1. Treating the angle as unsigned and between 0 and 90°, give the value, to the nearest 10°, between the Cα long axis of helix 180-189 and the longest Cα principal axis of the chain.
2. Hey, in the GNM for the chain with a 10 angstrom Cα cutoff, which one of Gln57, Gln141, Gln18 fluctuates hardest?
3. Given bins 10 angstrom wide, list per bin the percent of all Cα-Cα distances in segment 4-106, short to long.
4. Mind telling me which of Pro78, Pro64, Pro178 comes out most flexible in a GNM of the chain, alpha-carbon contacts under 10 Å?
5. Whole-Hz ³J(HN,Hα) for each residue in segment 152-157, computed from phi via Karplus 6.51 cos²θ - 1.76 cosθ + 1.60 with θ = phi - 60°, x for glycine and proline: what do you get?
6. Most fluctuating residue of Thr129, Thr102, Thr13 in a GNM of the chain with Cα springs under 10 Å: which is it?
7. Once phi is turned into ³J(HN,Hα) by the Karplus curve 6.51 cos²θ - 1.76 cosθ + 1.60 with θ = phi - 60°, what whole-Hz value does each residue of segment 42-54 show in order, with x for glycine and proline?
8. How large are Rg and Dmax for segment 128-192 when only the alpha carbon atoms are used, in Å?
Amino acid sequence: MGDWDAWIGRTETRMDRQDAGIATRWLAMLDRDVAADGVIPQAIHWALCLPDAPTAQLGPDGHPLRDDSPDSFLPPVPLPRRMWASSKVAFLAPLKIDDTITRTSKVLSVTANSGGSGDLVFVEVEHQTNTQGGPAVREVQSIVYRGAAPAGSAPVPPPSGPDPFDPTGWDAHRTLVPTEPLLFRFSALTFN
């Protein structure tokens, strides 16, 4: 489908500041108050250092239009649907209100595949999120590119079965059942 070896190892750096506004909105989405120490719950990094393409420059999947130039960060995969397939996340230090955030992303691999639903391309990207105090979050994200859905096809139902999360070894955990308002707010905060 394509030769994307030249994209492996490419990096991109984005800067942000975790101000009280984004932190308060993230906490409101989770029905929580700001902690006295200013620490924000894990996963707020998904609402920081985001691409800021104008609406007119978005593709039908809601992501910035594909950059076909040889200098682009992500490879110019010709499949129209780009989706977040999975992430492996290590939380190394808390993120706090007023932290200066730097996220450096690096393309680790690009793999073409063919499945029951057609051609697929998987891109693994490592995101290193740092504050002024050092490393805070390390994430390896798998992005999948797919062909267009056939006209009139029904959405694929989510997998059934037990929750794969094992809370042993965690000091605290919380189960969230996604509701339409929560998903709307999450999408708004993550600019997706």
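Readers should treat all values here as calculations from the given coordinates under stated rules, not as data from a laboratory. What you are looking at is a predicted structure, and each value in this text was computed from that prediction instead of being measured.
1. It is inclined by approximately 90 degrees.
2. Gln57
3. 12, 36, 33, 17, 2
4. Comparing Pro78, Pro64, Pro178 in the GNM, the peak value goes to Pro178.
5. Along segment 152-157, the couplings run x, 6, 7, x, 6, x Hz.
6. Thr13
7. Calculated HN-Hα couplings, in order: 4, 5, 5, 4, 6, 9, 10, 6, 8, x, 10, 5, x Hz.
8. Over segment 128-192's Cα set, Rg and Dmax evaluate to 17.2, 51 Å.
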